[in-house]
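This report refers to the structure that appears directly beneath it.
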Amino acid sequence: MNHSTIVLGGGCFWCTESVYKEVRGVTDVESGYCNGQAHQPSYEDVCTGTTGCNEVVKLTYDLSVISTREILEIFFVIHDPTTLNRQGNDAGTQYRSGIYFTNDEQRRTAQSLLDELERDQVFGRPVVTELLPLANYWPAEDYHQDFFERNPHQGYCMAVAAPKVAKFRKTFARLAK
């Protein structure tokens, strides 16, 4: 298998993780924090907005099953890449839209897709997704891992994560496990 790893910030990691756990070809999903200054930050640290860290998911995927472009197409459907430091009611730099690449193929693919989205004015507003090399990644605490799977009836999961999973299933049925 030809595996690749990419890190994505699309708001609350519970929501992003819940979608990618359902994607065929994604072999591992881990919630974490990246591209900030803090060393091994806690959730509480990140929530202060002073660490520079973003709430993210680290995805490992099998390129023989799913492409980097498909991973990113899902990303742009399940969050709003036009709101700076915000996803819905979640506000702060830790909720910024970001693609953190681990190789040049990912960078090129992401830049090409970002250019297309802007050229075609897909969202009707400028895309503010940052595209940067992955830096300073730390896994989130254990209680954040598989959160939606373990807490499907929790209020936030029902109101925010579940609709994103449903949207993924409807839009990308061919890529669902």
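For the residues Y137, Y143, the requirement of being in contact with a strand residue (DSSP E or B) (Cβ under 9 Å, 6 or more places away or on another chain), among the hydroxyl-bearing types (S, T, Y) and at pLDDT 95 or above singles out Y137. Being surrounded by fewer than 17 Cβ atoms within 10 Å (Cβ to Cβ) and among the aliphatic types (A, V, I, L, M) is the filter here; which residues of the stretch 39-93 pass it? The answer is L63, V65, V77, L84, A91. Could you list, in sequence order, the residues of the stretch 23-79 that are assigned to a loop (DSSP other than H, G, I, E, B) and under 13 Å from the mean Cα position of the chain (by Cα)? Residue satisfying the conditions is H79 alone. Would you confirm, using the coordinates I've provided, whether G98 is out of contact with any Pro (no Cβ under 8 Å at 6 or more places or on another chain), outside any helix (DSSP H, G or I) and at positive phi? Answer is no for this residue. Of the helices (runs of 4 or more DSSP H) lying entirely inside the stretch 102-177, those carrying at least 3 residues that are in contact with a helix residue (DSSP H, G or I) (Cβ under 6 Å, 6 or more places away or on another chain) and touching a residue at least 40 places away in the same chain (Cβ under 8 Å) are 104-119, 162-171.
The values are calculated or read from the model by the stated rules, or taken from the named source; none is laboratory data. These numbers come from a predicted model, not from an experiment. Using ideal geometry, Cβ is built from the backbone for each residue, glycine included, and neighbour counts are taken over all protein chains shown.
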